[in-house]
Amino acid sequence: MSMPFYVSPEQVMQDKAEYARKGISRGKSSVTLEYVEGVLLMAENPSSLSKIGEIYDRIAFAGVGKFSEFDQLRKIGVRYADVKGYAYSRDDVRGKALANAYSQAMGDVFTRELKPLEVEVIVAEVGDDELAGHESNAIFRVQFDGSISDHEGYCVIGGAADELNSYLSNEYRAGLPLGEALRLGRTALQRVTDGEPRVDPENLEVCVLERARGGRKFRRLTADSVIGLLGA
Amino acid sequence: MQFGGKYQGSSFLELLEVDYAQLRPDPSQLAEGFRLSSVPHGTTVLALKYVDGVIVAGDRLATEGNRVASRDIEKVLPTDDYSLMAIAGAAGPSLEMARLMRVELEHYEKIEGESLELDGKANKLAQMVRSNLPAAMQGLVVVPLFAGYDLRRRTGRLWKFDVTGGRYEETEFEATGSGGIYARESLKKGHRNDASRQEGLQAAILALVDAADEDRATGGVDLLRGIFPIVKFCSAEGISPAEDSDIERVYREILEGRGRGGS
């Protein structure tokens, strides 16, 4: 494509970033929390299209923004993880390497392509007490421009991430049981639904990575069990 | 390792073919005209229906010609939460096929968000067996059994395969491998589709004992070393193994029934 006149690189990047941020802020936020027996991923999602998915034995994915774009990233992640686990061993598939790969890929799109990705993703990995050196959880956030950060305890992505982060920094404490973590996450998500008094449990997409589970630790909670946990 | 390739579908095998060809097992790479005879072979495996689903069992011996290659190989392998594969034939390619099958099913489930139907899984395995045909011609035969619980039809189902990828659903039971013919004869006499879990276990162990009695390459029960056949039940609740102690009890009953602890 030809450029009719000069635009400074700063301006181009700024415009792209603004465009991406706008796209992301139109969607709902997604919260990931560590709880005592694993990692909890949740999002307000009334549709049947998933925002949270399984990547590998101990790794889960959450995305916000444009569905087609983050779902594509999720699939690339599954392919990457399955090939790596097949070529080496299942324990060699780690969240950090995947988050770095996402960071590279998303950064590449941001600098090279005209249109940046309008997404943010979380890569969450639950620890395994049986594997020395792999005991702790890890949560990574990758933004539209490829910037990557690691988080302890909780992590929020989406339009209202800053507001939710400051809320959770006050309210979150380590060692929460699943029910309490779920209630905290729901309260946080409710704060950004302008005008809506509450987030129905039916509209919550909730998945967990359970530390004690053997093999594939990812589990999607049914609406019934979410209601049960919220009520308990 | 590259991140994001050309392939966009939901099959792990195709993904390997398109983007990671170096990782894919390729039977056509074998030297032409050369026939491998001295590789470990798995011997007898069987599958039978019981009231809640299917039972899949196999002895533990792998042989290399007339020598023992392994006494405790596992030939009954879960491919996901509701299906199992039992391998007979060349151990290396068989185990690789089982591993690939497991990854294939898991990969599909993660990409698509739902599992394949049991028929779809059996069909996929048939394609994998067929793609092994060049290796089979050179002596690396893989002839698995596939069994599982069909969540839609609420019943256990089982299939056998031939080297050309032929897929045959069986209504009651099937056995394959070097002692398969004897195991099948044994199952024929005692098997019922409405057998209880315990009756099914008895039929499976009896069939393996009979196979081991007639076929020297089949392991049977090794009380001396404490090595027991693998027996797995697959029902609506998923897959559960039979305990060694239960297998030992059934085996001792069989020995007693045959007098003086021998047959």
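Read-outs throughout are calculated quantities, based only on the coordinates presented, and are distinct from any laboratory measurement. Please read these numbers as outputs of a predicted model, since none were measured by experiment. Backbone-built Cβ (ideal geometry, glycine too); neighbour counts: all protein chains shown.
Structure summary
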read-out	value
Of all residues in region B:136-154 being out of contact with any Asp or Glu (no Cβ under 8 Å at 6 or more places or on another chain) and surrounded by fewer than 16 Cβ atoms within 10 Å (Cβ to Cβ), the one that is nearest to B:Thr79 (Cα to Cα)	B:Leu151
Search result, residues across region B:148-195 that are farther than 23 Å from B:Leu118 by Cα and over 18 Å from the mean Cα position of the chain (by Cα)	B:Glu185, B:Ser186, B:Lys188, B:Lys189, B:Gly190, B:His191
Wholly enclosed helices (runs of 4 or more DSSP H) of region A:161-232 bearing at least 1 residues under 17 Å from the mean Cα position of the chain (by Cα)	A:161-171, A:178-190
Failed item, numbered, when B:Arg24 is tested on (1) away from chain A (no Cβ under 14 Å); (2) charged (D, E, K, R); (3) in contact with a helix residue (DSSP H, G or I) (Cβ under 9 Å, 6 or more places away or on another chain); (4) without any contact (Cβ under 8 Å) to a residue 40 or more places away in the chain	(1)
Members of region B:35-51 found to be surrounded by 24 or more Cβ atoms within 10 Å (Cβ to Cβ) and assigned to a loop (DSSP other than H, G, I, E, B), listed by number	B:Thr43, B:Thr44
Selected residue (only one of B:Val68, B:Val54 is surrounded by fewer than 18 Cβ atoms within 10 Å (Cβ to Cβ) and in a strand (DSSP E or B))	B:Val68
Test for B:Arg60: is it closer than 27 Å to B:Gln138 by Cβ, under 16 Å from the mean Cα position of the chain (by Cα) and within 10 Å of another protein chain (Cβ to nearest Cβ)	no
Filtered residue count, region A:49-84, keeping only those that are facing another protein chain (nearest Cβ under 10 Å), farther than 23 Å from A:Gly38 by Cβ and outside any helix (DSSP H, G or I)	1
Positions within region B:100-111 being basic (Lys, Arg) and at the interface with chain A (Cβ under 8 Å from one of its Cβ atoms), in sequence order	B:Lys110
Answer residue from region A:103-122, given it is within 11 Å of chain B (Cβ to nearest Cβ) and among the hydrophobic types (A, V, I, L, M, F, W, C) and is farthest from A:Ser147 (Cα to Cα) among those	A:Val109
Options B:Ala203, B:Ala183, B:Ala212, B:Ala195; residue that is farther than 17 Å from B:Gly58 by Cβ and outside any strand (DSSP E or B)	B:Ala195
Test set (1) in contact with a Phe, Trp or Tyr (Cβ under 7 Å, 6 or more places away or on another chain); (2) more than 10 Å from chain B (Cβ to nearest Cβ); (3) under 19 Å from A:Val31 (Cβ atoms) - A:Ala138 fails condition number	(1)
Residue under evaluation B:Arg67, criteria (1) free of Cβ contacts under 8 Å to residues at least 24 places away in the same chain; (2) within 14 Å of chain A (Cβ to nearest Cβ); (3) under 30 Å from B:Val221 (Cβ atoms); (4) among the charged types (D, E, K, R), criterion not met	(2)
Output for region A:1-52, where each listed residue is within 22 Å of A:Arg186 (Cβ to Cβ) and free of Cβ contacts under 8 Å to residues at least 40 places away in the same chain	A:Ser47, A:Ser48, A:Leu49
Output for region B:71-96, where each listed residue is more than 12 Å from B:Leu145 (Cα to Cα) and assigned to a helix (DSSP H, G or I)	B:Ala91, B:Gly92, B:Pro93, B:Leu95, B:Glu96
Selected residue (criterion: nearest to A:Glu18 (Cα to Cα)) from residues of region A:91-102 that are part of a helix (DSSP H, G or I) and more than 10 Å from chain B (Cβ to nearest Cβ)	A:Ala99
Residue pairs meeting the criteria (Cβ under 9 Å; at least 6 apart or on separate chains; first in contact (Cβ under 8 Å) with a residue 40 or more places away in the chain and more than 7 Å from chain A (Cβ to nearest Cβ), in region B:10-21; second in a helix (DSSP H, G or I) and among the hydrophobic types (A, V, I, L, M, F, W, C))	B:Ser10/B:Ile111; B:Ser11/B:Ile111; B:Leu13/B:Leu100; B:Leu13/B:Val103; B:Leu13/B:Met128
Condition met for B:Ala86 (away from chain A (no Cβ under 14 Å), surrounded by 19 or more Cβ atoms within 10 Å (Cβ to Cβ) and hydrophobic (A, V, I, L, M, F, W, C))	yes
Candidates A:Phe140, A:Phe144, filtered to the one that is surrounded by 19 or more Cβ atoms within 10 Å (Cβ to Cβ), part of a loop (DSSP other than H, G, I, E, B) and hydrophobic (A, V, I, L, M, F, W, C)	A:Phe144
Members of region B:109-129 found to be surrounded by fewer than 22 Cβ atoms within 10 Å (Cβ to Cβ) and farther than 19 Å from B:Arg167 by Cα, listed by number	B:Glu109, B:Ile111, B:Glu112, B:Gly113, B:Glu114, B:Ser115
Single residue of B:Lys160, B:Lys121 found to be part of a helix (DSSP H, G or I) and away from every other protein chain (no Cβ under 14 Å)	B:Lys121
